Amino acid sequence: MKLEVKDLYKRFGEVVAARGVSFRVRGGEILVLLGPSGCGKTTVLRIIAGLEYPNRGDVRIDGRSVLHLPPERRNVGLLFQSYALFPHMTVYANVAYGLRFHGVPRGERKRRVRELLELVGLRGCERRKPHQLSHGQKQRVALARALAPEPNVLLLDEPLSALDAALRAELRGELRRILKERGTTSVYVTHDQEEGLSLGDRLAVMREGRIEQEGSPEELYFSPQTPFVASFLGGANLWKGILHHGPEGTRVESEGVWIPVEVVDLPEGEEVFLFFRPEDVEPGEGPLEAVVEEVEFRGDHWEIRGRVGVRSVTFISRERHSPGEKLRLAFRRLPRVLVEPH
Ligand code: ADP
Ligand code: MG
């Protein structure tokens, strides 16, 4: 079912946690809310769930406002970092728990729990207690429990952040498969850009209570609209500079280095950020003179950190270089120009 969040505003005393947050999630779609700690992600989820009431704005599920409904009548599922399973109950009872309250008859309950445990890869674990499960298994049980009442919308708040890196990477692929297989409309909150990019159909990047940019993972990675989005999605080179239009084309001057950039509709003399990814620049005959500082072997390439004058730069090389070495760098595609939003 589709979810619409309209112009949410939420104040806690002096702190404004949401300043006009709006987005839509289509039926069956996974929207990722991505942003640093404290930017308001959990607050937005709690408002959707009915655990907080906004100062302004609306939440609609399938076109109807649910703002006046208590949490239990919204049929919204929740999955948090801490699984909060009932420790004395079996896996079966934990997953079946919510179904009783929804008046699902016993036979149907049994069928659904079986199907869900199968879906999350825990068939045969019905009779175990939570303490007999690994962290990853507990989180799978929690997911099955959240999905059991067939929620209109599932809200996931950093559900993998308590797990170690290898398990996190494994579970995120599985989580996506499960949500898509069930066709569950989902809002997935995370501060981890890699997780967000791999899990979301669409991403909304939040900063200080606002959504700064929304789009597909590819759009956000390749065409960030602001310096914040560019740097938050990782591995960006961002240099401050001054924009110039001239007979040689559009260029940015940054600490005495002149760099050709993509054409942009901004005035002469504007303070801008030059943006390029490590893979956009490589050793070759180009405008940058770099000194290598650190070299990391990555299998099919080396990732190199160095300096261009006072600027730091990260780039990719197909050949090995050593710290202290001087190199010229060429752009494989022209850097883009970004400015702070107003
Ligand atoms: P995130 O989930 O992105 O880390 P939160 O939504 O938890 O962010 O918090 C956003 C801001 O609102 C933070 O500054 C946080 O301290 C504040 N905040 C959240 N909940 C409350 C509350 N119940 N009382 C006071 N301040 C709160
Ligand atoms: Mg949070």
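Please tell me if residue 22 is more than 16 Å from ligand 1 (Cβ to nearest atom) and of a type in the set (S, T, N, Q). Reasoning before the result, please.
Numbers: more than 16 Å from ligand 1 (Cβ to nearest atom): yes; of a type in the set (S, T, N, Q): yes.
It is true that residue 22 is more than 16 Å from ligand 1 (Cβ to nearest atom) and of a type in the set (S, T, N, Q).
Residue-wise test of (1) touching an Asp or Glu at 6+ places or on another chain (Cβ under 9 Å); (2) surrounded by 14 or more Cβ atoms within 10 Å (Cβ to Cβ).
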| residue | (1), (2) |
| --- | --- |
| 9 | no, yes |
| 13 | no, no |
| 19 | yes, yes |
| 24 | yes, yes |
| 32 | yes, yes |
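Residues of the range 278-314 being among the charged types (D, E, K, R) and in contact with a strand residue (DSSP E or B) (Cβ under 7 Å, 6 or more places away or on another chain), which ones? Walk me through it before giving the result.
Of the range 278-314, the ones among the charged types (D, E, K, R) are 279-280, 282, 285, 289, 293-294, 296, 298, 300, 303, 305, 307, 311.
Hits for the range 278-314 are 279, 280, 282, 285, 289, 293, 294, 296, 303, 305, 307, 311.
Within the range 186-199, take every residue that is open to solvent by 10 Å² or more (accessible area, probe 1.4 Å) and closer than 15 Å to residue 221 by Cβ and give me the one that is nearest to ligand 2 (Cβ to nearest atom).
So the residue we want is 192.
Could you list, in sequence order, all residues of the range 40-60 that are touching a Gly at 6+ places or on another chain (Cβ under 7 Å) and in a loop (DSSP other than H, G, I, E, B)?
We begin by selecting, within the range 40-60, every residue touching a Gly at 6+ places or on another chain (Cβ under 7 Å); these are 40-41.
The answer is 40, and nothing else.
With the requirement that a residue be under 12 Å from residue 277 (Cβ atoms) and either open to solvent by 50 Å² or more (accessible area, probe 1.4 Å) or without any contact (Cβ under 8 Å) to a residue 12 or more places away in the chain (or both), what does the range 224-233 give you?
231
Mind listing just one residue for me: the one in the range 155-164 that is open to solvent by 40 Å² or more (accessible area, probe 1.4 Å) and under 19 Å from residue 35 (Cα atoms) and, of those, nearest to ligand 1 (Cβ to nearest atom)?
161
Can you name every residue in the range 251-272 that is in contact (Cβ under 8 Å) with a residue 60 or more places away in the chain and either among the acidic types (Asp, Glu) or in a loop (DSSP other than H, G, I, E, B) (or both)? It would help to see each step written out before you state the result.
So the first thing to find is which residues in the range 251-272 are in contact (Cβ under 8 Å) with a residue 60 or more places away in the chain, and the list is 252, 259-262, 264, 266, 270-272.
Correct list: 261, 262, 264, 266, 270, 271.
Which fully enclosed strands (runs of 3 or more DSSP E) of the range 284-342 have 3 or more residues being hydroxyl-bearing (Ser, Thr, Tyr)?
Details: elements: 302-308, 311-317, 326-331, 336-338.
Once the strands (runs of 3 or more DSSP E) in the range 284-342 are filtered for at least 3 residues that are hydroxyl-bearing (Ser, Thr, Tyr), what remains is 311-317.
Against the condition among the basic types (Lys, Arg) and in contact with a Pro (Cβ under 6 Å, 6 or more places away or on another chain), how does residue 251 come out, does it pass?
Working: among the basic types (Lys, Arg): yes; in contact with a Pro (Cβ under 6 Å, 6 or more places away or on another chain): yes.
For residue 251, the condition - among the basic types (Lys, Arg) and in contact with a Pro (Cβ under 6 Å, 6 or more places away or on another chain) - is met.
Run down 76, 21, 32 and say which single residue is of a type in the set (A, V, I, L, M), within 18 Å of the chain's Cα centre (by Cα) and closer than 30 Å to residue 164 by Cβ.
Just a single option satisfies the conditions, and that option is 32.
Restricting attention to the range 210-250, which residues are assigned to a strand (DSSP E or B) and among the aliphatic types (A, V, I, L, M)?
First, the residues of the range 210-250 that are assigned to a strand (DSSP E or B): 210-215, 237-246, 249-250.
Across the range 210-250, the qualifying residues are 211, 238, 242, 243.
Would you say residue 179 is open to solvent by less than 10 Å² (accessible area, probe 1.4 Å) and either part of a helix (DSSP H, G or I) or not assigned by TED's automatic domain parsing to the domain that holds residue 78 (or both)? Before you say what the answer is, go through the steps one by one.
Values: open to solvent by less than 10 Å² (accessible area, probe 1.4 Å): yes; either part of a helix (DSSP H, G or I) or not assigned by TED's automatic domain parsing to the domain that holds residue 78 (or both): yes.
Yes.
Look through the range 61-82, keep the residues that are of a type in the set (Gly, Ala, Ser) and either assigned to a loop (DSSP other than H, G, I, E, B) or closer than 22 Å to residue 188 by Cβ (or both), and return whichever of them is modelled with the lowest pLDDT. So that I can check it myself, show each step before the final result.
Of all residues in the range 61-82, those of a type in the set (Gly, Ala, Ser) come to 63, 65, 77, 82.
Then keep just the ones that are either assigned to a loop (DSSP other than H, G, I, E, B) or closer than 22 Å to residue 188 by Cβ (or both); that gives 63, 77, 82.
Details: 63: 96, 77: 93, 82: 75.
Filtering first and then ranking leaves 82.
Condition first: open to solvent by less than 60 Å² (accessible area, probe 1.4 Å) and β-branched (Val, Ile, Thr). Now tell me which residues in the range 234-292 satisfy that.
Step one: of the range 234-292, the residues open to solvent by less than 60 Å² (accessible area, probe 1.4 Å) are 234-239, 241-244, 246, 249-250, 252-254, 256-257, 259-261, 264, 266, 269, 272-278, 280-281, 283-284, 286-288, 290-292.
Passing the criteria: 242, 250, 252, 257, 259, 261, 264, 272, 281, 291, 292.
Look through 310, 295 and report the one residue that is closer than 14 Å to residue 237 by Cβ and either assigned by TED's automatic domain parsing to the domain that holds residue 244 or surrounded by 12 or more Cβ atoms within 10 Å (Cβ to Cβ) (or both). Can you show your working first?
Values: 295 fails: closer than 14 Å to residue 237 by Cβ.
None of the others qualify; the one that does is 310.
Charged (D, E, K, R), open to solvent by less than 50 Å² (accessible area, probe 1.4 Å) and either in the same structural domain as residue 159 (by TED's automatic domain parsing) or in contact (Cβ under 8 Å) with a residue 40 or more places away in the chain (or both): does that describe residue 100? First the steps, then the outcome.
On the way: charged (D, E, K, R): yes; open to solvent by less than 50 Å² (accessible area, probe 1.4 Å): no; either in the same structural domain as residue 159 (by TED's automatic domain parsing) or in contact (Cβ under 8 Å) with a residue 40 or more places away in the chain (or both): yes.
No; evaluated as a whole, the condition is false for this residue.
Would you be able to tell me the number of residues in the range 117-159 that are under 30 Å from residue 47 (Cα atoms), aliphatic (A, V, I, L, M) and free of Cβ contacts under 8 Å to residues at least 60 places away in the same chain? Reasoning before the result, please.
Here is the first cut: in the range 117-159, the ones under 30 Å from residue 47 (Cα atoms) are 117, 119-120, 130, 135-159.
Okay, now just the ones that are also aliphatic (A, V, I, L, M), so 117, 119-120, 141-144, 146-148, 153-156.
Subsequent filtering for residues that are free of Cβ contacts under 8 Å to residues at least 60 places away in the same chain retains 117, 120, 141, 144, 148.
Number of matching residues: 5.
For residue 26, all conditions in the list (1) within 16 Å of ligand 2 (Cβ to nearest atom); (2) of a type outside the set (Phe, Trp, Tyr); (3) at pLDDT 95 or above hold save one; what is the number of the exception?
Residue 26 satisfies all of (1) within 16 Å of ligand 2 (Cβ to nearest atom); (2) of a type outside the set (Phe, Trp, Tyr); (3) at pLDDT 95 or above except (1).
The values are calculated or read from the model by the stated rules, or taken from the named source; none is laboratory data. This structure is a prediction, so every number in the text was calculated from the model and none was measured. Every residue, glycine among them, receives a Cβ derived from its backbone with ideal geometry; neighbour counts consider all protein chains shown. Note: accessible area is taken over every heavy atom of the protein model, side chains too, but ligands, DNA and RNA are not part of it. Shrake-Rupley method; radii C 1.70, N 1.55, O 1.52, S 1.80 Å.
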